[in-house]
Amino acid sequence: MVTTFGEDEHVFAALRAGASGFVLKDTPPEDLLSAIRILAGGEALLTPRLTTRLVAEFVRGTSGRNTSATAPEALDELTEREREVLVQVAAGRSNAEIAEHLTVSLNTVKTHVSRLLFKLSARDRAQLVVCAYEVGSVVPGSERSPS
């Protein structure tokens with residue numbers, strides 16, 4: 001989604017509707033082209049200046065909680081490795097970075113991400129990130145699950 005509106009409610013609505021990316025119209029042309037390439041490659045993207053604020057809002061719960069099939073019970077179905085991959089996805093790591101970090105193959109990471117998408121009824125990585133924050137699997141500024 002490309003818009004002039006960077007208010008939280010617009011971003012939340014776009015993510016809930018299935019947007020994989022959210023950039024503002026004042027984004028420099030070279031950054032906009034980069035965003036298009038990232039999204040075309042299947043990754044998710046939020047304008048960096050919105051990310052910190054939005055994550056904080058999700059954690060505080062002002063955007064509403066469990067609006068999709070991301071109830072905490074769904075997390076009970078995840079394996080330990082799937083939970084680790086979810087935390088890495090929420091940290092913004094690519095599949096290749098996750099594979100290197102967890103010392104597994106790229107295909108193994110792709111399999112785990114696919115299973116996460118299915119088990120959490122998420123359309124894409126952006127929704128996985130939203131889910132991870134909504135249910136408290138990750139907290140802002142941390143790669144670790146809360147105790």
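Values computed for the structure shown
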quantity	calculated
Built amide H within the under 5 Å cut-off of Gly21, gap 5+	Leu45
Accessible area of Asp124 in the full protein assembly, 1.4 Å probe (Å², nearest 10)	20 Å²
Computed lengthening from His10 to Thr79, 0.36 nm per intervening residue step minus Cα-Cα distance	21.5 nm
Residue-level accessible surface for Arg125, protein heavy atoms, 1.4 Å, Å²	20 Å²
Accessible-area ranking of Glu134, Glu80, largest first, probe 1.4 Å	Glu80, Glu134
Around Met1: net Lys/Arg minus Asp/Glu count, Cβ-Cβ under 12 Å	+2
R0 of 22 Å, Cβ-Cβ distance Arg37-Glu100: FRET efficiency to nearest 0.05	0.55
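The values are calculated or read from the model by the stated rules, or taken from the named source; none is laboratory data. Source: prediction; values computed, not measured. Cβ sites come from the backbone with ideal geometry, for glycine too, and all protein chains shown count toward neighbours. We work out accessible area using only protein heavy atoms, side chains counted, and drop any ligands, DNA or RNA first. Shrake-Rupley method; radii C 1.70, N 1.55, O 1.52, S 1.80 Å.
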